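Novice: Have a look at this one.
The values are calculated or read from the model by the stated rules, or taken from the named source; none is laboratory data. Predicted, not measured: the structure shown is a model, and the values here were computed from it. Please note that ligands, DNA and RNA were not included when accessible areas were found on the heavy atoms of the full protein model with its side chains. Shrake-Rupley method; radii C 1.70, N 1.55, O 1.52, S 1.80 Å.
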Amino acid sequence: GEIAVADTWNGRIQVFDRRGVFLRAFGRFGRVEPGSDDASDPQLFGPRGLAFTADGELVVADTGNNRLLYVALTGERRRAVGPVVDWPPALDEPTGITWDPNGTLLAVDLWNQRVLRLDRDARPLAACSSRPVTWWSIVSRLTAGSSACPGESRSRPTTHATLSAPTSTRVSACPDSA
């Protein structure tokens, strides 16, 4: 297998073998203009998250171009999702991406304060979003195990977390609880 690395501020993806030996790089730093064709040498503006599909395609969270880009490991562009998805608002700096055990792609949409769920064909299924709050409010919720929302009891267990500038997501390998 090969290892792909998002080289964010060089606007490219670097590919290495398992020993860490450089194999190739693809992409060039730049903004994609509407209607442009960057199929043979994709323009990347601050790529961050990476995830492989079951078919070996690489999904790139092309943050500054507000899209998810599907490419072959040679760099050949297969398709792009965004900036507009099936419901508003348009993608606004996707950062982290990962697959869940059911084959659903989870994409963190930074400035829309949401996590999108997309099917294997990159069609949106759902979104989890919330209003931005201060950092201390999030820390309070996660560390105290109680709600920090105004008007709610602080002894009530947290059943949700508010997102503020989310950048990454991962799914644990833990088995489902019965």
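Novice: Under the condition of being among the acidic types (Asp, Glu) and open to solvent by less than 60 Å² (accessible area, probe 1.4 Å), which residue from the range 54-91 is modelled with the highest pLDDT? Full working, then the answer.
Specialist: Taking the range 54-91 as the starting set, the residues that turn out to be among the acidic types (Asp, Glu) are 55, 57, 62, 76, 86.
Next cut, open to solvent by less than 60 Å² (accessible area, probe 1.4 Å) only: 57, 62.
Numbers: GLU57: 92, ASP62: 95.
Out of the qualifying residues, it is ASP62.
Novice: Tally up the residues in the range 95-129 that are part of a strand (DSSP E or B) and basic (Lys, Arg), please. Can you show your working first?
Specialist: Taking the range 95-129 first, the residues part of a strand (DSSP E or B) are 95-99, 105-109, 114-118, 124-129.
Narrowing the set further to residues that are basic (Lys, Arg) leaves 114, 117.
Residues in the range 95-129 being part of a strand (DSSP E or B) and basic (Lys, Arg): 2 in total.
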